[in-house]
Amino acid sequence: MLDQTTNLGSRLKDPALLEERAFVAGAFAEGEGGTFEVTNPARGDVIARVADCSRAQVARAIDAAAAAQRDWAARTGKARAAVLRRWFELMMEHQEDLAVIMTAEQGKPLAESRGEIAYAAGFIEFSGEEAKRIYGETIPGHQRDKRITVIRQPVGVAASITPWNFPAAMITRKAGPALAAGCAFVARPASETPLSATALAVLAERAGVPAGVFSVVPSGRASEIGREFCENPTVRKLTFTGSTEVGRLLLRQAADQVKKCSMELGGNAPFLVFDDADLDAAVEGAIASKFRNNGQTCVCANRIYVQSGVHDAFAEKLAARVAELRVGDGLEEGTDLGPLISPEAIGKVQEHIADATDKGARVVLGGGGDDMPGAFLRPTVLTGATQEMAVAREETFGPLAALFRFETEEEAIRLANDTIFGLASYVYARDIGRVTRVQEGLDYGIVGVNTGLISTEVAPFGGVKQSGLGREGGHYGVEEFLEIKYVCTAV
Ligand SMILES: NC(=O)C1=CN([C@@H]2O[C@H](COP(=O)(O)OP(=O)(O)OC[C@H]3O[C@@H](n4cnc5c(N)ncnc54)[C@H](OP(=O)(O)O)[C@@H]3O)[C@@H](O)[C@H]2O)C=CC1
Ligand SMILES: O=C(O)[C@H](O)CS(=O)(=O)O
């Protein structure tokens with residue numbers, strides 16, 4: 001850990017955005033369970049003591065959401081769009097303060113936090129535009145005296161549980177389409193990063209989001225709140241982003257009420273580099289995908305497969321570029337890699353490195369040594385990785401680039417698909433036939449072709465297999481918060 005204190009409030013132009021209270025039924029409130037500490041992972045100092053909501057308090061937020069939802073849904077799409085547009089504008093007006101809050105609690109470099117705020121605001125903007133376009137349809141009747149219509153209606157009250165790696169975007173990627181559809185929303189942020197969520201609540205109130213339509217209930221008691229969301233019948237939709245392990249648990253808990261669920265879970269992205277790839281572009285794409293958020297994203301390149309003909313040249317170029325990455329405090333300009341979310345997160349990366357080298361991999365750069373303080377870890381590049389290693393089976397969630405060698409196109413697709421996950425994948429090649437065959441052969445919800453960055457609010461984000469259920473973003477995202485009603489009228 002660095003030895004300076006953060007003094008977060010003094011860094012903000014609008015200190016009111018640093019909100020330690022919960023936002024329930026349109027009012028900021030202390031936590032009935034006391035408070036829990038939020039620390040800066042770079043410096044280790046406590047930056048806030050945040051409201052720890054009790055399960056009863058969360059239940060009241062759900063009741064308030066139900067009370068507010070019908071009137072919110074009765075507004076026109078245009079009216080809901082106007083409020084969401086204002087919320088978007090306020091997020092962008094306060095982008096710098098929101099970014100400083102995010103870096104202070106999550107650690108990512110300020111430049112990445114600024115990018116996430118724009119990404120998060122983009123979901124609010126795009127969803128608001130969709131609010132005006134929630135169409136139904138008519139279907140030619142099956143009998144002369146029957147008329148068939150299909151209408152789309154909001155599911156009702158939605159609740160979210162979100163992770164620490166994208167503290168704002170994972171909330172707005174759900175709340176934006178939910179509010180656009182006419183739902184009311186209760187957000188439970190990760191306990192490591194609640195301040196980005198409460199700041200969103202401050203701006204939602206200023207934007208005119210009606211009391212109860214959007215609540216934020218920070219809490220240190222994740223499983224209790226999860227049970228409230230799963231067991232309270234007023235919650236009609238649960239939307240989760242996080243590990244596959246917790247996703248499975250929530251699905252089991254939600255099954256009793258056959259509750260509508262969206263799940264954005266773990267990944268294990270393959271990154272394929274073929275002999276005909278633009279190697280420099282492939283290296284830049286690998287850096288962007290692997291080291292964004294210091295490797296702490298579900299779409300990071302977790303396994304880098306390189307065809308034999310270019311393997312050594314690629315490995316050399318990649319290692320040279322990784323060596324240039326500056327590790328440090330995200331609040332300092334020029335930092336490329338901040339700390340991991342916690343010192344404990346370093347352990348998982350070091351376990352993957354040790355397992356790989358024990359099984360024959362070679363460290364080209366780094367190696368996981370703890371020569372830096374606290375939650376900091378220098379990036380590692382290794383070659384000789386194989387399917388038998390932990391890094392091939394598990395999400396590393398840290399700065400480890402593991403290179404695997406392959407010979408043929410068929411082998412690359414087979415190795416890439418050899419996982420229980422199916423979220424993001426990447427291919428670098430220039431032969432159009434090869435690119436087409438590979439993008440169709442990869443068993444994933446997302447394929448990046450000659451790009452390492454696929455995250456945008458306009459496209460459907462989601463996975464297959466054990467990477468999740470449903471899609472978020474684009475016009476698909478709103479569908480997750482709508483029910484289809486079939487009306488058959490005798491005339
Ligand atoms: N697909 C993705 O986008 C993400 C995947 N991951 C994967 O998950 C691993 C662990 O990261 P982590 O953030 O701990 O992910 P978790 O899945 O453990 O946590 C994600 C969210 O779920 C909450 N949670 C944890 N346990 C429960 C429970 N029993 N009931 C209800 N909510 C619960 C957490 O609360 P609390 O904060 O209080 O623990 C957090 O808000 C990572 O190493 C990575 O592999 C992580 C983040 C995002
Ligand atoms: O959870 C994550 O890692 C995010 O979904 C990745 S992204 O949306 O920023 O691509």
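The values are calculated or read from the model by the stated rules, or taken from the named source; none is laboratory data. Since this is a predicted model, take the numbers as computed values, not measurements. Cβ coordinates were reconstructed from backbone atoms using ideal geometry, including for glycine residues, and neighbour counts include every protein chain displayed. Heavy atoms of the whole protein, side chains included, go into the accessibility calculation; ligands, DNA and RNA do not. Shrake-Rupley method; radii C 1.70, N 1.55, O 1.52, S 1.80 Å.
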Report task. Enter the accessible area per residue of the stretch 269-449 (Å², integer; probe 1.4 Å; all protein chains in place). Result -> 36
Query raised in the report: Which angle between 0 and 90 degrees, to the nearest 10, do you get for helix 244-255 versus the longest principal axis of the chain when only C-alpha atoms count?
Result: 20
Report task. Enumerate the residues in the stretch 216-247 having an amide nitrogen under 12 Å from the point lying 7 Å beyond the Cα of Ile420 toward its Cβ. Result -> 244-247
Query raised in the report: Per residue, how much space in cubic angstrom lies within the convex hull of the C-alpha atoms of the stretch 269-449?
Result: 104
Query - Heavy-atom accessible area ranking, 1.4 Å probe, most first, across His311, His475 - result: His475, His311
Query raised in the report: Tell me, what HN-Hα J-couplings in whole Hz come from the Karplus equation 6.51 cos²θ - 1.76 cosθ + 1.60 at θ = phi - 60° for each residue of the stretch 147-157, using x for Gly and Pro?
Result: 10, 10, 10, 10, 10, 10, 10, x, 5, x, 8
Query - Interchain or long-range residues, amide H under 5 Å from Val235's placed H - result: none
Requested in this report: Starting from the Cα of Lys132, draw a straight line to each of the lysines and keep only those under 23 Å, dropping any in the same chain fewer than 8 residues away.
Outcome: Lys78, Lys174, Lys237, Lys485
Report task. Within the stretch 396-430, which residues have the backbone N less than 15 Å from the label spot 7 Å out from Asp276 along Cα→beta-carbon, could you tell me? Result -> 408-410, 427-430
**Report entry** Whole-percent carbon and sulfur share, accessible surface of the stretch 269-449, 1.4 Å
**Finding:** 49
Query raised in the report: Across the stretch 225-235, in residue order, what do the Karplus-derived ³J(HN,Hα) couplings come to in whole Hz, using 6.51 cos²θ - 1.76 cosθ + 1.60 with θ = phi - 60° and x for Gly and Pro?
Result: 5, x, 5, 4, 4, 7, 9, 7, x, 5, 7
Report task. Work through the residues other than Phe36 whose Cβ is under 12 Å from its Cβ and net out their charges, Lys, Arg +1 and Asp, Glu -1. Result -> -2
Requested in this report: With a cut-off of 13 Å, note down the residues of the stretch 465-491 whose backbone N falls inside the zone around a label point 7 Å from the Cα of Arg144 toward its beta carbon.
Outcome: 491
Query raised in the report: Can you list the lysines whose alpha carbon sits under 17 Å from that of Lys290, skipping same-chain ones fewer than 8 residues off?
Result: Lys108, Lys317, Lys348
Query raised in the report: Kirkwood Rh, the stretch 1-143, all Cα pairs: how many Å?
Result: 18.0
Report task. May I ask you to list the aspartates and glutamates whose Cα is less than 19 Å away from that of Lys465, ignoring any residue fewer than eight positions away on the same chain? Result -> Glu245, Glu264, Glu394, Glu395, Asp418, Glu440, Asp443, Glu480
Report summary line: Summing -39500 (n - 2.57) over every DSSP H run of at least 4 residues in the chain and dividing by its residue count gives a helix-only mean residue ellipticity at 222 nm, to the nearest 500 deg cm²/dmol, of -12500 deg cm²/dmol
Report summary line: For the stretch 1-150, dividing by residue count, accessible area per residue (probe 1.4 Å) in Å² works out to 45
Requested in this report: Using only the alpha carbon atoms of the stretch 128-194, find the Kirkwood hydrodynamic radius as the inverse mean reciprocal pair distance, in angstroms to one decimal.
Outcome: 14.3
Requested in this report: With r as the distance between the Cβ atoms of Ala74 and Val327 and R0 = 41 Å, compute the FRET efficiency 1/(1 + (r/R0)^6) and round to 0.05.
Outcome: 0.20
Query - Over the chain, volume per residue of the alpha carbon convex hull, in Å³ - result: 147
Query raised in the report: Using alpha carbons only, how many degrees (0 to 90, rounded to 10) separate the axis of helix 95-106 from the longest principal axis of the chain?
Result: 60
Requested in this report: Please report, to two decimal places, log10 I(q)/I(0) for the stretch 285-338 at q = 0.16, 0.28 Å⁻¹ as given by the Debye formula with identical point scatterers on the Cα atoms and no solvent.
Outcome: -0.54, -1.14
Query raised in the report: For Ala111 and Lys132 in the same chain, what is the full-extension length gain: residue separation times 0.36 nm, less their Cα-Cα distance, in nm?
Result: 4.2 nm
Query - Tyr428 long-range amide H proximity, modeled H, under 5 Å - result: Leu272, Val273, Phe274, Asn450
